[in-house]
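Peer 1: Can you keep this structure in mind? I'll have questions shortly.
Each reported figure results from applying straightforward, stated rules to the coordinates on display, with no laboratory input. If you're wondering where the values come from, they're calculated on a predicted model, not measured in any experiment. Every residue, glycine among them, receives a Cβ derived from its backbone with ideal geometry; neighbour counts consider all protein chains shown.
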Amino acid sequence: MVKYLTSNIRPIRYITSFVSIALMVVSLISFAMNGLNMGLDFTGGMVTEVQVDDTVTHNQLLEQLQPTLGEFTTVTHSDEEGRWVIRYPIPEQGADVNLSQSLSAVSHQVSIVSNSMVGSQVGQDLVEQGGLALLVSMLCILGYLCFRFEWRLASGSLLALIHDVVLVLGFFAATQMEFNLTVFAAILAILGYSLNDSIIIADRIRELLIAKPSEDTKTINDQAILATFSRTMVTSGTTLLTVAALWIMGGSALQGFATAMFIGILSGTWSSISIGTVLPEWLKLEPKHYLPVELDSAP
């Protein structure tokens, strides 16, 4: 495996870069054509807290409520035993929704603890605030990368981050899975994870550019990836195991979060290796860009 990577790392980088570009194009087309299936957090809806028998399970509640309230109904467990929070779209005018009657089929004891409505204006505010948070985080990351690395090297890390976010959004647009606040939180987490991965590789590239000024950039990029490959695989592998556990055991409440994290970690791993190194090559990154000014200008 190590021998194969050593001899083929450069074509692997280039091939995965073209694959990444193709996936970004497909994701953007899917996003433009389908849009996102916004959850109740963004569109507004009803939030009802109920108290039922302790033996009632999450799946029982969903099976009982979704035929009446719609497929976008979600159920999450509250702090106390037998207490659940139900979120569902605002019923159409004239529709009769009686939660107590619906839940009586699975629970002897049913009591409505609280009932409130999240208006569409609140949902629109969440969309705007979420978009602003994403924009501000990207600008802060851009400033940090430009401060820490030469702009050609920083551009590769930044494009890798954009690639990861676009792929996650494209997947949710293509599958029309519900996009809610937990998925948005996953996107912010993906930014941090992918940034960390890209910085480690970029830092090694910078060290090698300074230590080996006679080497060409392509060779230095190959060496940097090989030097950090084991660390990247171990970190990504252990994180994916954790996310897989959330996916399997977290239930429907965490399905969107786990799905977004799984896709983001996979794309973040290969984008930091491919896009993060290939783009600086296309922008003509060279060892001289990291030489001290007095040495760079010397005859």
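Peer 1: In degrees from 0 to 90, rounded to the nearest 10, what is the angle of the helix 2-34 Cα long axis to the longest principal axis of the chain?
Peer 2: Result, in degrees: 40.
Peer 1: Follow-up question, since we're still on this one. Quick one: if you take sqrt(5λ) for each eigenvalue of the C-alpha gyration tensor of the chain, what semi-axes come out, biggest first, whole angstrom?
Peer 2: Taking √(5λ) for each Cα gyration eigenvalue gives 48, 19, 16 Å.
Peer 1: Same structure, new question: Helix-only mean residue ellipticity at 222 nm, the chain, DSSP H runs n ≥ 4 weighted -39,500 (n - 2.57), per residue, nearest 500. What is it? Working shown, then result.
Peer 2: Numbers: 11 runs with 203 residues, N = 299.
The helix-only estimate for the chain comes to -23000 deg cm²/dmol at 222 nm.
Peer 1: In degrees from 0 to 90, rounded to the nearest 10, what is the angle of the helix 58-69 Cα long axis to the longest principal axis of the chain?
Peer 2: It works out to around 70 degrees.
Peer 1: For the pair LEU246/GLU71, report the inter-label distance in nm, with labels modelled 7 Å from Cα in the Cβ direction.
Peer 2: A separation of 2.5 nm, rounded to one decimal place.
Peer 1: Separate question: Could you sort the peptides 61-74, 253-266, 102-115 by per-residue average Cβ neighbour count (10 Å cutoff), highest mean leading?
Peer 2: Order by mean packing, descending: 253-266, 61-74, 102-115.
Peer 1: Let me ask something else. Which residues' amide hydrogens lie under 5 Å from the amide hydrogen of VAL113, considering only partners 5 or more residues apart or on another chain, with H built in the peptide plane?
Peer 2: Residues meeting the amide H criterion: GLU49, VAL50, GLN51.
Peer 1: Same structure again: Residue by residue, what Karplus-based ³J(HN,Hα) values in Hz, rounded to whole numbers, does the stretch 174-179 have, using 6.51, -1.76 and 1.60 with θ = phi - 60° and x for Gly and Pro?
Peer 2: In residue order, the calculated couplings are 6, 8, 6, 5, 5, 9 Hz.
Peer 1: Counting pairs on different chains as well as pairs 8 or more places apart, how many Lys pairs in the chain have Cα atoms under 17 Å apart?
Peer 2: Going through the chain pair by pair, I get 4.
Peer 1: Taking amide H positions as placed in the peptide plane 1.01 Å from N, state which residues far from THR73 in sequence (5 or more) or on other chains have amide H under 5 Å from it.
Peer 2: It is none; the list stays empty.
Peer 1: While we're looking at this one, here's another question. Quick check: the angle from helix 120-148's long axis to the longest principal axis of the chain, C-alpha only, nearest 10 degrees?
Peer 2: Result, in degrees: 20.
Peer 1: Evaluate 2.2 N^0.38 Å with N set to the residue count of the stretch 101-158, then give the Cα radius of gyration divided by it.
Peer 2: The value comes to 2.26.
Peer 1: Which residues does a label at GLU80 reach in the stretch 41-66, if reach means a backbone N under 19 Å from a point 7 Å past the Cα toward the Cβ?
Peer 2: Of the residues in the stretch 41-66, 47-58 have backbone N under 19 Å from the label point off GLU80.
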